[in-house]
Amino acid sequence: MSTSVSVNESTFAQAGKVLAVHLSYASRAAQRGRTPKYPSYFMKASSSLAVSGSTVERPAGTELLAFEGEIALIIGKAARRVSVEDAWGHVGQVTAANDLGVHDMKYADKGSNIRSKSGDGYTPMGPNALEAASIDPAKLRVQTWVNGELAQDADTSELLFSFAQIIADLSQQMTLLPGDVILTGTPAGSTVFFPGDVVEVEVTDLVSGASTGKLKTTAVEGTDAFAAFGNQPKVTEKDKEDAYGDRAAAGLEPIITGKDVLTDEVRAKLEAVATATLSATLRKLGLNNVNIQVPGATKGMQRVIGTARTLRYVPNREDLFKKHGAGYNTQKQSIDSLGDGEVLIMEARGETGAATLGDILALRSQTLGAAGIITDGGVRDLDAVTGLDIPVFYNGAHPAVLGRRHVAWDKDITVACGGVTVQPGDVIVADSDGIVVIPPHLVAEVADAALATEKSDEFIFAMVQRGHVIDGLFPMNADWKAKYQAWQQAGSPDLDSWEL
């Protein structure tokens, strides 16, 4: 049976340091869109520790005070370079904690969290602590309530890193001393709360049912603004998204990507219209620089429709190539991460004096289901690349490997390819007639408008075939527009036999 002791001011007197894990729960990692391979950490001031029932101030001029219900480990025996197997034996007690932070100040310290997370009262713990020796760390539950409503509920079976791994990892570089506190990360559900709100956190031993009791913290509005001699509060959309948990909860418009809008219906419309028509439609919407200029296409008029992934090369510098060019470099990582229906866009500055791609990497892209590859640099093994099923658009052929002129530098960022800015998630429509980049939020509108244009162009083309003069027909005057509308209303019959 788990035994417990009270968490009070004397508990905090022994806390030489407070260490916190960035991401450790699978649900939180999924929410953040990234899953770390190893744990990473930040520190909080020991003066941020507070007992249950205390208040926490939301500083004047700020809006993003957020809670994070967590399981806190209190070190009981010094640990230095301990093994994962022995690590749990160095924990004295386990308690509930709330890793509070004000995201308005997150920018100020370049990731150190000093001002965003170390305010007075920003690490309440308690009210009781369970003896670590009597519990199984893999069978603990953490829950958080806001004004009595459940906001977080997870158990330690979803941890990405065990508590033992975290302790052992930290002990590699520092001695964990009795009284030191480790905040072990928060599950999904963390969000903003407001002055007057009450947040409660509880940790339960799932085996015995023993509990820390509910850690209670009440938010109050601060009256003193940040002084002019220091950083002032600042909020970006990313800060709001992180603080609230996601864009919807923060009241932000969703970020639309090509994968969201490329439905079967939209794709069919894009298949049915020429790239020239798409380009003209975008010009009407005020976008004039949307055509990637590269002369080569291995599959001619075969239509490519997909969403952009990006890769950027920088000019070769021998010392940088030694660090970044060899082995499993950014180029190979980018290729290996391609998914079904994606188009890899390579920025190579128009440099054709070395290749950006060869047959093996093109084959790998094809195997992964990529829809195409576009580079404003060179391609090697051109005959073999042309023989593959995947369409490749390129600026020229060259037998040299990329290290002669390029270093693969970064991926999944905004790039410039063939004179056009491309962002990850943009929709790409390409064939040997041209390559068009369509912003995701415009795709449905562009597809509808282009299809309408193609329909009218079909009518005009047929009328010219029948011997009608261009004047008044292209573009159509009121008389021809009336005839065109009549043809549409009749169900668009065969134009060869349709009576004007």
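The values are calculated or read from the model by the stated rules, or taken from the named source; none is laboratory data. Here the structure is a predicted model, which means the values were calculated and not measured. Here the Cβ is made from the backbone with ideal geometry for all residues, glycine too, and neighbour counts use every protein chain on show. What goes into the accessible areas is simple: the full protein's heavy atoms, side chains included, and nothing from ligands, DNA or RNA. Shrake-Rupley method; radii C 1.70, N 1.55, O 1.52, S 1.80 Å.
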- Message: Checking the conditions here, which among LYS455, LYS411 is surrounded by fewer than 21 Cβ atoms within 10 Å (Cβ to Cβ), modelled with pLDDT of 95 or more, farther than 16 Å from VAL266 by Cβ and among the charged types (D, E, K, R)?
- Response: LYS411
- Any chance LEU473 is over 21 Å from GLU271 (Cβ atoms), surrounded by fewer than 23 Cβ atoms within 10 Å (Cβ to Cβ) and at pLDDT 95 or above: no
- Query: Does GLY196 satisfy being open to solvent by 40 Å² or more (accessible area, probe 1.4 Å), touching a Ser or Thr at 6+ places or on another chain (Cβ under 8 Å) and in a loop (DSSP other than H, G, I, E, B)?
  - Reply: yes
- Can you find a residue in the stretch 234-248 that is over 25 Å from ARG115 (Cβ atoms), open to solvent by 40 Å² or more (accessible area, probe 1.4 Å) and modelled with pLDDT under 95? yes
- Task: For the stretch 296-330, name all the residues that are assigned to a loop (DSSP other than H, G, I, E, B) and closer than 11 Å to ILE374 by Cα.
- Result: THR298
- Message: Restricting to the stretch 16-51, and then to whatever is open to solvent by 40 Å² or more (accessible area, probe 1.4 Å) and in contact with a Lys or Arg (Cβ under 7 Å, 6 or more places away or on another chain), can you tell me which residue is nearest to LEU160 (Cα to Cα)?
- Response: MET43
- Message: Quick check on the stretch 126-156: of everything there that is under 32 Å from the mean Cα position of the chain (by Cα) and aliphatic (A, V, I, L, M), which residue is surrounded by the most Cβ atoms within 10 Å (Cβ to Cβ)?
- Response: VAL142
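Residue by residue, here is whether (1) of a type in the set (Ser, Thr, Tyr); (2) under 24 Å from ALA210 (Cβ atoms); (3) open to solvent by 30 Å² or more (accessible area, probe 1.4 Å) holds:
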residue	(1), (2), (3)
PRO59	no, no, no
PHE67	no, yes, no
ALA72	no, yes, no
LYS77	no, yes, yes
VAL84	no, no, yes
TRP88	no, yes, yes
GLN93	no, yes, yes
ALA96	no, yes, no
- Message: Among the listed residues GLY378, GLY353, identify the single one that is in contact with a Lys or Arg (Cβ under 9 Å, 6 or more places away or on another chain), open to solvent by less than 40 Å² (accessible area, probe 1.4 Å) and either closer than 14 Å to THR298 by Cβ or not assigned by the TED database to the domain that holds GLY306 (or both).
- Response: GLY378
